[in-house]
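A short worksheet on the structure shown next.
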Amino acid sequence: DTGVSQDPRHKITKRGQNVTFRCDPISEHNRLYWYRQTLGQGPEFLTYFQNEAQLEKSRLLSDRFSAERPKGSFSTLEIQRTEQGDSAMYLCASSYDLVGQETQYFGPGTRLLVL
Amino acid sequence: DQQVKQNSPSLSVQEGRISILNCDYTNSMFDYFLWYKKYPAEGPTFLISISSIKDKNEDGRFTVFLNKSAKHLSLHIVPSQPGDSAVYFCAASDDYGNNRLAFGKGNQVVVIP
């Protein structure tokens, strides 16, 4: 299977702890996106990378969140000092930039529950 | 500020009949529209897309219609099958270089055998 993969699929943590999620995009896709989805809502954009460069962050991404994409391949999303409001599904997507209008393909997501 | 809106959160349809999902948007700079299907505990799966230069795109049982003047698009599924039971999301992007997607809240579709 050469689709987008995410690890772990589920994470339960206590408030105040740090968590890190990993995303492996479709190989040769140069763009990687992170979204967050809460119950009853559609996914909301958090940030995106073109190769290894993080080019945009949403205002939803507080200082407790940091994302990296070393070497332009896999990406990690870290949440420090988790809060109960961080409980959500974190989705990763990748695409190949074809001068706009490219299709993003999503991974299965990481469901985070902060107790 | 919800730039992509999906009303009628749920839809029930008999197997073999047509399912019609509607989506409205407010941002006139959107030029690419996509529909995704999502099963519980899985990520969204891409279904079909349409560029703003077209008014219709067809792929098997799925057809998307775009009315730019009304800022409205719809997804037709015909014939509906039980495996189509899922949440469907409408998404849109503009051409400012990042192509981030703005999603609606989704429509739950239940296909009754």
Open item on the list: As an exercise: evaluate residue B:86 against (1) at pLDDT 95 or above; (2) out of contact with any Lys or Arg (no Cβ under 8 Å at 6 or more places or on another chain) and give the number of the one condition it does not meet.
Closed with: (2)
- [ ] Identify the single condition in (1) in a loop (DSSP other than H, G, I, E, B); (2) touching a residue at least 40 places away in the same chain (Cβ under 8 Å); (3) surrounded by fewer than 18 Cβ atoms within 10 Å (Cβ to Cβ); (4) not aliphatic (A, V, I, L, M) that residue B:69 does not satisfy, given that it satisfies every other one.
- [x] (2)
Open item on the list: Quick check on the range A:44-90: of everything there that is closer than 13 Å to residue A:110 by Cβ and touching a Pro at 6+ places or on another chain (Cβ under 9 Å), which residue is farthest from the other protein chains (Cβ to nearest Cβ)?
Closed with: A:76
Open item on the list: Go through (1) more than 26 Å from residue B:31 (Cα to Cα); (2) outside any loop (DSSP other than H, G, I, E, B) for residue A:15 and report which single condition fails.
Closed with: (2)
Task: Those residues of the range B:13-58 which are under 14 Å from the mean Cα position of the chain (by Cα), open to solvent by 40 Å² or more (accessible area, probe 1.4 Å) and either within 12 Å of another protein chain (Cβ to nearest Cβ) or not charged (D, E, K, R) (or both), in sequence order - done: B:20, B:22, B:45, B:46, B:57
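In the range A:11-43, what count of residues is obtained for those that are away from every other protein chain (no Cβ under 14 Å), open to solvent by 10 Å² or more (accessible area, probe 1.4 Å) and of a type in the set (Val, Ile, Thr)?
Looking only at that region, the number is 3.
The values are calculated or read from the model by the stated rules, or taken from the named source; none is laboratory data. Predicted, not measured: the structure shown is a model, and the values here were computed from it. A quick note on method: Cβ atoms are made from the backbone with ideal geometry, for glycine too, and the neighbour counts reach across all protein chains shown. Ligands, DNA and RNA are stripped out before the accessible areas are found, and what is left, the full protein with its side chains, is counted by its heavy atoms. Shrake-Rupley method; radii C 1.70, N 1.55, O 1.52, S 1.80 Å.
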